[in-house]
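The values are calculated or read from the model by the stated rules, or taken from the named source; none is laboratory data. Just so we're clear, the structure is a prediction, and the values are computed from it rather than from any experiment. Cβ atoms come from the backbone with ideal geometry, glycine included; neighbour counts cover every protein chain shown.
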Amino acid sequence: MEPEIHLKKNVRRKIPVVALGMVGLFFFTVLFGPFITPHNPFKIDLNNAIRPPFWEEGGSTRNLLGTDAMGRDILSRLIYGARTSMIVSIFAILICGTIGVLLGLISGYYGGKIDTVIMRFTDLWMSMPTIITAILIVSVLGPSKKTVIIVVGVTGWITYARIVRGEVLSLKEAAFVRLARVAGCGHLRLIFSHLFPNILNTLIILVTLDFGRVIIITATLTFLGLGIQPPSASWGLMLAEGRQYITYAWWMTTFPGMAILLAVLGMNLTGDWLRDRLDPKQKLR
Amino acid sequence: MSKENQNILYVDSLRTYFFTRQGAVKAVDGVTFSIEKGESVGLVGESGCGKSMTGLSILRLVPKPGGEIVGGRILYKNEDLLQKGEEEMRRIRGDRISMILQDPMVALNQLLKVGYQLAEPTKYHRDTEGSLREMCIKLLKRVKVPSPEIRVKDFPFQFSGGMCQRVLIAIAISCQPDLLIADEPTTALDVTIQAQILSLLKEIQREFNTSILLITHDLAIVAQICHRVMVMYAGRIIEKSPIRPFFKNPAHPYSIGLIRSVPVLRRRVERLYSIEGQPPSLLNLPSGCHFAPRCKDAMSICHESYPPEISLEQDHSVSCWLYSLE
């Protein structure tokens, strides 16, 4: 009996090699991008345009994944695209995380009218389609990397606000909150030095899962021409640029598509795994 | 008035209700008592009779939404706590009046070091001169936690239940309060640890001349450390007495029942004594004496109106019709 239980536990606790591998690859290209790109991702070489990947007829090992319509190396652009995605994701998540966590903490802790106002506001916000909001913001600020960050930041905080509020609602009945109150702890201090550390595990999971969402939205906006502008290297942009050649140059769209897929999948799988590991309620099962 | 001046705390017809969809739950319904400087008073009663709510009401920490103090006065050093603002109350909590919560294992924040939590009241209420760490070590030493120098850096989950309770006591006494409300301080602990915690409380009381309001359902604990005892039933105090007369001659039929239901080792009995029936729902209390439906000596008047507080001897009073006829 004993060894079997042990075994089961081990299987469940196993580190998801595939997911972490994907995430690892992503982070590796982000960190060491400039050192591992075989070519300058921005260098236009029209004599070398629309080259297929090396295993196809007409391809060469000079451009492993081929070149795009302007002769730029796809692999190099993918690697730089990872950096773009990362930068956008980090700043966007910083913005929506901060707004969401703050509103969630306040809403959950104070309750009552404040809670009602904030929650109805999130309902209102949620009823606005992301793309419409994006178009509005872009038309005001003009398309750029900064705009994408702002768009994703101001549309994505709702999840944070709602989940953090829920956590706080259950935590504020906990005995340690009462103890802090009995000790004479003020509201703000209670929120930030007692409640906040207790929602950190949820927050870590949330952020990991949110990475995938941000990468997709960034790519979507960019594909629609509302986001990152040429000649920057970005996965969404590569998809948009390769679209018109899709019938005879599949590599221009397939590889950035796969990059998005792998990055998002890796982040989501890692997020799921983290949830299983960090959620004390699930560990007992 | 002179009597009131000695009192560290005077609670006057305090009423704390919970407003639910079914109606008002009268958790505390007109409770009056006083505590003198350096005195320890036991508040006993069964689960759900309003003891804890009385304690929380004094600190104005009744759970919201729903709970509300609807009437009465709570005089701390002749100042009404119910008239104070939230900020003034915050300054009193943990400094002049502090509380030891039940269930020590979950009362500490599991993610913060014990030392951090120990230092909290001091951080809020004092201009800290000297090192907080030194102070924490001294406090832990005071409550007899072994090797305090190492333990301050530990997390609560590394402490046993008894040790957690010692930490809670240390937090509660860190600002040397005038009044310590101990809400079932030993309920979650086993008997040997209980004895240690009780003697610790006793020592601390003597050392700082702190008043203690001990909330418990265990008469044995009251007998060990309290000067006076108050019995609470269905939101009201039904008997107040110094400790000796109470155990010798309990007056209220409920108190008599309580004392009788404590098992005695020397007497062999088939069944333990228990009071018939269930305590009434606080939503719809019986008219008249709340205990009347379970009382063996109930008379017709008991079902009609609530008995007044009748003084029997010095400091011994009871709310029961049986004694008004004499």
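Does the range A:252-259 contain any residue that is more than 18 Å from the chain's Cα centre (by Cα), buried (at least 20 other Cβ atoms within 10 Å of the Cβ) and of a type outside the set (V, I, T)? Looking for residues that are more than 18 Å from the chain's Cα centre (by Cα), buried (at least 20 other Cβ atoms within 10 Å of the Cβ) and of a type outside the set (V, I, T), one finds at least one in the range A:252-259, hence yes. Return yes or no: is A:V214 within 24 Å of A:Y109 (Cα to Cα) and in contact (Cβ under 8 Å) with a residue 60 or more places away in the chain? Criteria not met by A:V214. The requirement of being among the polar types (S, T, N, Q), more than 14 Å from chain A (Cβ to nearest Cβ) and without any contact (Cβ under 8 Å) to a residue 60 or more places away in the chain is not satisfied by B:Q117. The residues in the range B:125-158 that are within 18 Å of B:P177 (Cα to Cα), within 14 Å of chain A (Cβ to nearest Cβ) and buried (at least 18 other Cβ atoms within 10 Å of the Cβ) can be counted, and the count is 3. B:T122 - would you say it is of a type in the set (S, T, Y), within 13 Å of chain A (Cβ to nearest Cβ), out of contact with any Asp or Glu (no Cβ under 6 Å at 6 or more places or on another chain) and surrounded by fewer than 23 Cβ atoms within 10 Å (Cβ to Cβ)? So B:T122 fits the description; yes. Taken over the range B:43-57, the criterion of being touching an Asp or Glu at 6+ places or on another chain (Cβ under 9 Å) and either away from every other protein chain (no Cβ under 14 Å) or at pLDDT 90 or above (or both) is satisfied by B:V44, B:G50, B:K51, B:G55, B:L56.
Going by the conditions given, is A:H39 more than 21 Å from A:W235 (Cβ to Cβ) and either at pLDDT below 85 or touching a helix residue (DSSP H, G or I) at 6+ places or on another chain (Cβ under 8 Å) (or both)? Here the answer is no, as A:H39 does not meet what is asked.
Beta carbons closer than 6 Å, at least 6 apart along the sequence or on distinct chains, pair a first residue in the range B:280-302 that is touching a residue at least 60 places away in the same chain (Cβ under 8 Å) and within 25 Å of B:G67 (Cβ to Cβ) with a second that is surrounded by 12 or more Cβ atoms within 10 Å (Cβ to Cβ) and of a type in the set (V, I, T) for B:L282/B:V25; B:L283/B:V25.
Is it the case that some residue within the range A:201-208 is in contact with a Cys (Cβ under 8 Å, 6 or more places away or on another chain), at pLDDT 90 or above and either within 14 Å of chain B (Cβ to nearest Cβ) or under 30 Å from A:I79 (Cβ atoms) (or both)? No: the range A:201-208 contains no residue that is in contact with a Cys (Cβ under 8 Å, 6 or more places away or on another chain), at pLDDT 90 or above and either within 14 Å of chain B (Cβ to nearest Cβ) or under 30 Å from A:I79 (Cβ atoms) (or both).
When you look at B:L180, is it within 27 Å of B:Y10 (Cα to Cα) and within 14 Å of chain A (Cβ to nearest Cβ), yes or no? So B:L180 passes the test.
Taking the range B:221-254 as the range and being farther than 27 Å from B:L200 by Cβ and free of Cβ contacts under 8 Å to residues at least 60 places away in the same chain as the test, the residues that pass are B:K248, B:N249, B:P250, B:Y254.
Look at the range B:259-271: where a residue is at pLDDT 75 or above and a partner is of a type outside the set (G, A, S) and in a loop (DSSP other than H, G, I, E, B), sitting 6+ places away or on another chain with Cβ atoms under 7 Å, you get B:I259/B:P250; B:R260/B:Y273; B:S261/B:L272; B:S261/B:Y273; B:S261/B:I275; B:P263/B:L272. Selection within the range A:159-200: residues that are of a type in the set (F, W, Y) and within 13 Å of another protein chain (Cβ to nearest Cβ). The member of this set that is surrounded by the fewest Cβ atoms within 10 Å (Cβ to Cβ) is A:F192. Checked against the criterion of being buried (at least 21 other Cβ atoms within 10 Å of the Cβ), charged (D, E, K, R) and not in a helix (DSSP H, G or I), the candidates A:R62, A:R51, A:R77 yield just one match: A:R51.
Put simply, of B:E79, B:E46, B:E86, B:E39 the only residue that is touching a residue at least 40 places away in the same chain (Cβ under 8 Å), surrounded by fewer than 20 Cβ atoms within 10 Å (Cβ to Cβ) and more than 29 Å from B:F155 (Cα to Cα) is B:E46. Scanning the range B:80-114 for residues that are among the acidic types (D, E) and outside any helix (DSSP H, G or I), we see that the one that is farthest from the other protein chains (Cβ to nearest Cβ) is B:D80. Restricting attention to the range B:1-56, the residues that are assigned to a strand (DSSP E or B) and of a type in the set (S, T, Y) total 8. Given the criteria at negative phi, in contact (Cβ under 8 Å) with a residue 24 or more places away in the chain and either out of contact with any strand residue (DSSP E or B) (no Cβ under 7 Å at 6 or more places or on another chain) or crowded, with 18+ Cβ neighbours inside 10 Å (or both), does B:T192 qualify? Judged against the criteria, B:T192 is not a match.
Being in a helix (DSSP H, G or I) and either surrounded by fewer than 20 Cβ atoms within 10 Å (Cβ to Cβ) or touching a residue at least 40 places away in the same chain (Cβ under 8 Å) (or both) is a property that holds for B:I171. In the range B:25-33 there is at least one residue that is over 19 Å from the mean Cα position of the chain (by Cα) and away from chain A (no Cβ under 13 Å). Taking the conditions exactly as written (in contact with a His (Cβ under 6 Å, 6 or more places away or on another chain) and under 23 Å from B:G94 (Cα atoms)), does B:S34 satisfy them or not? For B:S34, the condition - in contact with a His (Cβ under 6 Å, 6 or more places away or on another chain) and under 23 Å from B:G94 (Cα atoms) - is not met. Would you pick out the residues in the range B:58-79 that are within 13 Å of another protein chain (Cβ to nearest Cβ) and among the small types (G, A, S)? Scanning the range B:58-79 gives B:G66, B:G67. Are any residues in the range A:108-158 of a type in the set (G, A, S), surrounded by 14 or more Cβ atoms within 10 Å (Cβ to Cβ) and away from chain B (no Cβ under 14 Å), and if so, which ones? A:A134, A:S144, A:G153, A:G156 - these are the residues of the range A:108-158 that are of a type in the set (G, A, S), surrounded by 14 or more Cβ atoms within 10 Å (Cβ to Cβ) and away from chain B (no Cβ under 14 Å).
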